[in-house]
Structures are given as structure tokens and as C-alpha cells.
Amino acid sequence: MTVLILEPDVQDDLRHALSLLPETRVDTKDDADLKRALNTLPTALLTQLNPVFESTMQVLRDNAYVQLRGFPLGADARSILLIGHALGTVFSDLSHQFALVNEAMPSLNARLQGNQTEPLFLHTDFAMLNQPPACTIIQCVEPDPLGAPFGENGVAVARHIISQYYGTERLALVLNTLLPFAGKKPDGSNVLTMRPIMEILPDGEPRVCFHPSRIHYGFRMRNEKPLPLETEALIVFQEMAQRVRLGLPQTSGDILIVNNHAALHDRALCSLSLSKNGLRARISRILFVQDFKENVGW
């Protein structure tokens, strides 16, 4: 597990920066005021903050994921938006989501997968798009009531799959089988993309894109049963990915950043705590970054 721990002196600088930003609701659809405030932060403060984001980005490049511990957690969305804007361009297409930041809390009879209590498969966020977001940022607000392994996130790095299965027929099957990735937008319209689960880019780096529900929906949109080769690719890939999966328990305030092109992520079975005040569950905030900056920070 790759954890980058932020010491108290760094935390103080981050708190100072957050105090200079306007309060931003978690369900905001527009953070223009926050972006303007970011551009007016004192140069000396930005100079102190930049090593945080540069180190975060370097670990992300090296490992395809990084978990930050010690990043200040507030009652609103400033914290997760700060790191999102520092790393790149925040995904803001509201034809695919209801707000810039998504708050996920497992609950009874939930329709959205992220809010269901059952485990979530290893997946790529927005896998049905031609260009899925570059990374997913998951901030733990409240950990699972029972704690790890309940509610933990997991990652499976594409490079680790290549290393374990290089030269095998199983890897060749995954690399050469096109599958339909589809999804329905909040307005009811559909989007469909054909691609293999994994690719080797010209620079030799692997790229992964996978989401069982998106593929199943693609088969339904195609109105044809999956071919035997397609079914085999689905089964084989999930077995390969599970073999390299790493579990990442999160405590309150932890931020997990996953390269959405180089790794998959999931979430384990969740627990619910019931009292006279109602149900208590794991709470996470989720933000997507469409593209990374060439030089992170400011």
C-alpha cells in the first residue's frame, strides 16, 4: 500500500489555504467562485503547497495510485476540490453526473451502485466514454462502522497484470477482444463505446478500461447475446485482476487517488450501524479529474 503521510507543518499550510477559499457545498454544480479564489492565494503560500501536489503526482505516476493521510477534512467540498484543481481539470460534465462532487453513502434499497451495501466490482469510472476521466479521487468522510476489511477500497494496477501474465494466451485474449461499453445518462440518453479491456500503448505503458455493468448494458443495447470469446475475456480478466488486487483501508480524512487509465478500483462489502437515530454508514466524497496538468500545482 502506497501511503503519503502529510505531517503537521504541511497540514497547517493546507488549512491556511482552505480558510481563504469560499465555502462550497458538496452538491455544487459550479465552483467558479472557488476557482477564482485559488487564483488569488498568496504566492508564498502556493510555493509552500506545491511540493504536496508534486509529490502526490509523482507517487501517482510511479504506482498508478496514492493514498494521502493527513489532508484536512472540512464540512464542505473545498478540500477535495483543492486537490482536484491542483492536479488537473475537474470533470464537470453534468450530463453524466448530478454535481461536481459525488457523496456516496451505502443505504437500504439504493439504486446507484456506489450507494449499495454489496461489494463493488473492480472498475473504471465512466468506462463508456471515449475518454474516461484521468483519475478518481475518493475522500473518506466517515469510515465503515465495522472498519477494515468492511468498506475498504481496493486497487488493481494494470502494470501488475501485465507483469504476471506477460506472453500468455489469457493476456492476449484480453488485449484482442473488443467489448461494448455503454451507459445511460441522467437525461435518459445512451452512450456506447467499443474497446478492449486492456491495451499496450505505443510507449509500452498499459491502459485498462473495465466495468462489468457497463459491458452488460452494452450487450443489451446491442440486442445480442455475448459471444463465447467475449464471455471468456470477461471471466479471464476478472480472475487476473483479482490476483493483483490490493486492499486499502481508509480512516476519516484519507484521500485515495487512482489513475483511472492505469488501475481499477473497487469497494468491499459495507456494514450499517442502526440506532434510534437511524442508520450510520461509510461516507465518501468522490471527484473526477478529466486531464492532468503538465505541471501540477500553481
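The values are calculated or read from the model by the stated rules, or taken from the named source; none is laboratory data. Note that the structure is predicted; figures quoted are calculated from it, not measured. All Cβ positions, glycine included, derive from the backbone under ideal geometry; neighbour counts span all protein chains shown. Just so you know, the surface numbers come from the protein's heavy atoms only, side chains and all, with ligands and any DNA or RNA stripped out. Shrake-Rupley method; radii C 1.70, N 1.55, O 1.52, S 1.80 Å.
Figures for the structure shown
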{"item": "Qualifying position, being of a type in the set (Asp, Glu) and touching a residue at least 60 places away in the same chain (Cβ under 8 Å), among Asp12, Asp76, Asp31", "result": "Asp31"}
{"item": "Entirely in the range 82-128, the strands (runs of 3 or more DSSP E) that have 3 or more residues that are surrounded by fewer than 16 Cβ atoms within 10 Å (Cβ to Cβ)", "result": "none"}
{"item": "From the options Val59, Val3, Val26, residue that is open to solvent by 20 Å² or more (accessible area, probe 1.4 Å), touching a strand residue (DSSP E or B) at 6+ places or on another chain (Cβ under 9 Å) and more than 30 Å from Ala158 (Cα to Cα)", "result": "Val26"}
{"item": "Residue list for the range 247-291, restricted to those being in a strand (DSSP E or B) and open to solvent by 60 Å² or more (accessible area, probe 1.4 Å)", "result": "Leu274, Ser275, Leu279, Arg280, Asp291"}
{"item": "Flag if Gln238 is open to solvent by 70 Å² or more (accessible area, probe 1.4 Å), at negative phi, in a helix (DSSP H, G or I) and of a type outside the set (Asp, Glu)", "result": "no"}
{"item": "Test for Leu227: is it without any contact (Cβ under 8 Å) to a residue 12 or more places away in the chain, within 30 Å of Phe53 (Cα to Cα), out of contact with any helix residue (DSSP H, G or I) (no Cβ under 8 Å at 6 or more places or on another chain) and open to solvent by 20 Å² or more (accessible area, probe 1.4 Å)", "result": "no"}
{"item": "Members of the range 34-81 found to be charged (D, E, K, R) and part of a loop (DSSP other than H, G, I, E, B), listed by number", "result": "Asp76"}
{"item": "Yes/no for Ala148 being modelled with pLDDT under 95 and in contact with a Pro (Cβ under 8 Å, 6 or more places away or on another chain)", "result": "yes"}
{"item": "Search result, residues across the range 177-224 that are open to solvent by 80 Å² or more (accessible area, probe 1.4 Å) and under 20 Å from the mean Cα position of the chain (by Cα)", "result": "Lys184, Glu205"}
{"item": "Residue in the range 265-280 that is touching a helix residue (DSSP H, G or I) at 6+ places or on another chain (Cβ under 9 Å) and hydrophobic (A, V, I, L, M, F, W, C) present", "result": "no"}
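Matching residues to (1) more than 28 Å from Arg285 (Cα to Cα); (2) touching a strand residue (DSSP E or B) at 6+ places or on another chain (Cβ under 8 Å); (3) not β-branched (Val, Ile, Thr):
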residue	(1), (2), (3)
Pro186	no, no, yes
Ile197	no, yes, no
Leu229	yes, no, yes
Leu248	no, yes, yes
Thr251	no, yes, no
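This table checks each residue for (1) of a type in the set (Phe, Trp, Tyr); (2) open to solvent by 10 Å² or more (accessible area, probe 1.4 Å); (3) more than 15 Å from Leu87 (Cβ to Cβ); (4) in contact (Cβ under 8 Å) with a residue 60 or more places away in the chain.
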position: Leu38; (1), (2), (3), (4): no, no, no, yes
position: Leu46; (1), (2), (3), (4): no, yes, no, yes
position: Asn50; (1), (2), (3), (4): no, yes, no, yes
position: Ser55; (1), (2), (3), (4): no, yes, no, no
position: Leu68; (1), (2), (3), (4): no, no, no, yes
position: Phe71; (1), (2), (3), (4): yes, no, no, yes
